Amino acid sequence: MKFRAKIIDVGCLNHFTRVVNTISKLTKTCILRLTPNNLYFVLSGKVASGGVGMWCELSQANFFDEYQLEGVAPDANEICLEVTPENLSRALRTSQNAKCVKIKLTKKHCPCLTLVAELPTLSSVSRVVTHDIPVDVIPRRLWHDFKEPRMPDFDVSIYLPPLKTMKNVVDRMKNLSNFLVMEANLNGEMNLKIETDLVSVTTHFKDLGNPPWGDDGSQGRSRSRDPEVMAHTRVDIRKLQQFLMGQQVNPSKAMCNIVHKRIIHLILLHEDVSLQYFIPAVA
């Protein structure tokens, strides 16, 4: 079982750092799944029992100049590690001006992701900073928990308004309530609502547009739906705020799928990164 990778391009390094920063804002620990072509950051929270879920997919060729992987077995050419994203984020932040950054799986006092940054220097003496980030190797028998989540059979799918605008609205609403109702229809309209014994506040968005999912089987429920009728889900406002606060991916598309009274499924798409986040309903 071997893994080593190298980033030379400073733009790729900065982009990878932003992605890891985003992940670190969403969860304290997650699974880093390494395959020959992709990296995945996975949080398989049991949405049915109230936990959030996350799936972030990166194409390794768009970030790494060198990338070598030998998985646990010839018929299972991948490695799954439990990592603390904040530790990886901190190591990357100290390497922002590096001439190159190498990441490899090592065995020190425990399994580690070792990050070695070669920093620029005015003299002929090279400056190298090494970070050993402890990880746990996930045994193969548990891998089935970390496969890509199935697209939920949503009632409504809608493009999101600018995330900064949405964050400002949610930040203000959090001062008034712990819960938020997110509702949308197939006419490109979305509302964010809070209701308490003392106050009722609604922010309306319109002309957002609805993604064309084509023949995707998950769209079964929305095909026969009245475009005016709202689907809604009530969620813990802190979980939505956490998602919006941590966002550093700068997506080209941001979407939301609503399963009526069950799940909000948020999707951010960038050229070489996709991030899915699942927030369960609360009663």
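The values are calculated or read from the model by the stated rules, or taken from the named source; none is laboratory data. All values reported here derive from a predicted model rather than from experimental measurement. Cβ sites come from the backbone with ideal geometry, for glycine too, and all protein chains shown count toward neighbours. These accessible areas exclude ligands, DNA and RNA; they are computed on the full protein's heavy atoms, side chains included. Shrake-Rupley method; radii C 1.70, N 1.55, O 1.52, S 1.80 Å.
Side notes on the structure shown:
- Heavy atoms of K253: accessible area, 1.4 Å probe, square angstrom to 10: 100
- Normalised contact order of segment 44-162, rounded percent, pairs of Cα under 8 Å and 6 or more residues apart: 20
- With DNA, RNA and ligands ignored, accessible area of K25 (1.4 Å probe; Å², nearest 10): 90
- Probe 1.4 Å, protein heavy atoms only - accessible area per residue of the chain in square angstrom: 49
- Residue ranking by accessible heavy-atom surface, 1.4 Å probe, largest first, among V282, V101 comes out as V282, V101.
- Using the empirical formula 2.2 N^0.38 Å as the baseline, the Cα radius of gyration of segment 156-254 reaches a ratio of 1.13.
- Projecting the Cα atoms of Y159, A184, I138 onto the charge dipole of segment 98-199, computed from C-beta unit charges around the Cα centre, puts I138 farthest toward the positive end.
- Residues S200, S224, ordered by accessible area of protein heavy atoms at a 1.4 angstrom probe radius and largest first, appear as S224, S200.
- Centroid-to-centroid separation of segment 128-191 and segment 73-94 [C-alpha atoms, Å]: 21
- Fraction of accessible area attributable to carbon and sulfur, segment 113-199 (%, probe 1.4 Å): 51
- Among the chymotrypsin sites (Phe, Trp or Tyr not before Pro) in segment 1-96, none sits in a DSSP loop with a Cβ that has at most 11 other Cβ atoms within 10 Å.
- Mean separation of Cα contacts under 8 Å (6+ apart) over length of the chain, as relative contact order %: 20
- By accessible area with a 1.4 Å probe, ligands and nucleic acids excluded, highest first: order of I8, I258: I8, I258
- Once P(r) over Cα pairs in 10 Å bins from 0, in percent is calculated for the structure shown, the corresponding label among [x] 6, 20, 20, 18, 17, 13, 5, 1, 0; [y] 6, 26, 31, 21, 12, 3, 0; [z] 5, 20, 24, 20, 15, 9, 5, 2, 0 turns out to be [y].
- Ordered from longest to shortest, the equivalent ellipsoid semi-axes for segment 6-134 are 26, 17, 14 Å, each the square root of 5 times a Cα gyration tensor eigenvalue.
- Helical segments meeting 20 Å axial Cα length and Kyte-Doolittle 0.0 threshold in the chain (DSSP H): 10-26
- Value in Å of the Kirkwood radius, where segment 70-190 supplies the Cα pairs that are averaged: 19.4
- Segment 254-283 and segment 1-66 have Cα centres lying 17 Å from one another.
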